[in-house]
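Heads up: the structure comes next, in structure tokens.
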Amino acid sequence: MNENAHAKESLETVPQRFGMHRFSTVRLLIALALLFLSFPFVEELKGGDIIVSILLSLVLIAAVLAVSHRRSTLVVAVLLAIPAIIGRWIDHFRPHLVPPAVFLIAGLVLVAFVVINLLRFVLRAPSVSIEVLCASVSAYLMLGLAWTMAYWLVDQLTPGGAFSFNTNAGPQSMNGFTGFYFSFITLSTVGYGDITPVSRIARWLAAMEAMTGLLYVAVLIARLVALYSSPKSNDS
């Protein structure tokens, strides 16, 4: 009983010292949905890269606020978000000043930190709620975002090419929507075969993402079923 109360307090209490309410995971999910739904359409527009950068920055800021239930967590998240967001914008306007690897690595660490805190929220929650469901879906989508950055990073750091594109579209890279597409196709274990990892690290990343996608869904469903059924068993 005390453990559930402590978990609820630690997850739902907002950093009142900063004078703000806890940022809802529903809003994080909305920010992720805006990014993912608009990604394939705005990228080809004039100035589409700026729109993508804005949406990505909003997602990272929303992710920071969503896990800011403790002051220490907020400080760590902000410190991780600063180089990721600033590096992204510097790379956009001054690509030769800061390499993409800077904001990609910072973004990877930030997303991993956020996912860990979201999963901690889900696993410690005393019952199923909208916040728990949105945190679960947000964590899954952010896993795909993390691997999107990882594929882009590997593609940048592999001179000979870490991926083979089995299409007639000409030379391609894993930045932007291409990496996003391959990440979520792999996370959902669909795999159409139009993009093939060829380097050892790229194959390892793809295998790890596929296993993570399968295990996440299995563990998440088991946890949510347990949370949903536990109040009924207590009442009986």
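For region 28-116, the percent of C-alpha pairs falling in each 5 Å distance bin, counted from 0 to the bin holding the largest distance, reads 3, 15, 22, 23, 21, 11, 4, 1, 0.
Multiplying the residue separation of residue 54 and residue 196 by 0.36 nm and subtracting their alpha-carbon distance yields 48.1 nm.
The modelled label-to-label distance between residue 188 and residue 167, using points 7 Å beyond Cα along the C-beta direction, is 1.6 nm. Across the accessible surface of the chain, with the other protein chains kept in place and a 1.4 Å probe, carbon and sulfur atoms take up 67 percent. Our helix-only sum for the chain, with -39,500 (n - 2.57) per DSSP H run of n ≥ 4 divided by its residues, gives a mean residue ellipticity at 222 nm of -25000 deg cm²/dmol. Express the Stokes-Einstein translational diffusion coefficient of the chain in µm² s⁻¹, to the nearest whole number, given a Kirkwood radius over alpha-carbon pairs, 10 °C and a viscosity of 1.306 mPa s. In µm²/s, the coefficient is 84.
Across region 120-236, counting alpha-carbon atoms alone, Rg and Dmax equal 18.0, 64 Å.
Take each complete run of DSSP H in the chain, measure how far its Cα atoms stretch along the helix's own axis, and keep only those covering 24 Å or more with mean Kyte-Doolittle hydropathy at least 1.0; list them. Before the final figure, lay out the partial values.
Details: long enough: 25-42 (25 Å, 2.23); 48-66 (27 Å, 2.61); 71-93 (33 Å, 1.31); 100-124 (36 Å, 2.25); 130-157 (40 Å, 1.28); 200-235 (53 Å, 0.68).
TM-like helix candidates: 25-42, 48-66, 71-93, 100-124, 130-157.
Distant-in-sequence amide contacts of residue 164, defined by a placed amide H-H separation under 5 Å and a gap of 5 or more residues or a different chain, comprise 196, 198.
For region 34-88, the solvent-accessible area works out to 48 Å² per residue, with a probe of 1.4 Å and every protein chain left in place. The Cα trace of region 106-167 gives Rg and Dmax of 15.7, 50 Å, the first to one decimal, the second as a whole number.
The values are calculated or read from the model by the stated rules, or taken from the named source; none is laboratory data. What you see is a predicted model; the values in this text were computed from it and never measured. Positions of Cβ are backbone-derived with ideal geometry, glycine not excepted, and every protein chain shown enters the neighbour counts. Just the protein is used for accessible areas: all its heavy atoms, side chains included, with ligands, DNA and RNA removed. Shrake-Rupley method; radii C 1.70, N 1.55, O 1.52, S 1.80 Å.
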